[in-house]
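Notes for the one structure printed next.
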Amino acid sequence: MEGKRAATPMLGVIGRREGKPLLRNSRRSRERLLPLAALVIALLAWEGLVRWQRYPPFILPSPGRVWARFLTVARDGMLLATALHLDGVS
């Protein structure tokens, strides 16, 4: 009996990958992807609402317009200047 390994019960082998239960890995994956999926759905709903109702940009700008403005303000340094001013550093 010394050269033989003890038989592993089938239940312990099925549903495992690299010694970790598959259920635990898939749960972690879902927990990581859920916030990202919620953000994507919210952005798509926002974009859809703006296009469907044809809101003017001064009432409800589209996510693309908000992102473009953010990049413009970040590039010209106004974002950092405003953040420092509001923080009391300036």
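The values are calculated or read from the model by the stated rules, or taken from the named source; none is laboratory data. The model shown is predicted, which means the values in this text are computed figures rather than measured ones. Ideal geometry is used to build each Cβ from the backbone, glycine not excepted, and the neighbour counts take in all protein chains shown. The area values use the complete protein model at the heavy-atom level, side chains included, leaving out ligands, DNA and RNA. Shrake-Rupley method; radii C 1.70, N 1.55, O 1.52, S 1.80 Å.
Provide the gained length on full extension for the span residue 27 to residue 47, in nm with one decimal, where the gain is 0.36 nm per separating residue minus the Cα-Cα distance.
Going from the current span to full extension adds 4.2 nm.
Trypsin sites (Lys or Arg not before Pro), restricted to the range 32-90: which are DSSP loop and have at most 11 other Cβ atoms within 10 Å?
Sparse-neighbourhood loop trypsin sites (Lys or Arg not before Pro): 54.
Could you give me the ³J(HN,Hα) list for the range 48-53, computed from phi with Karplus coefficients 6.51, -1.76, 1.60 and θ = phi - 60°, whole Hz, x at Gly and Pro?
x, 5, 5, 6, 5, 8
Whenever you get a sec, line up 70, 58 from highest to lowest accessible area (probe 1.4 Å, protein heavy atoms).
58, 70
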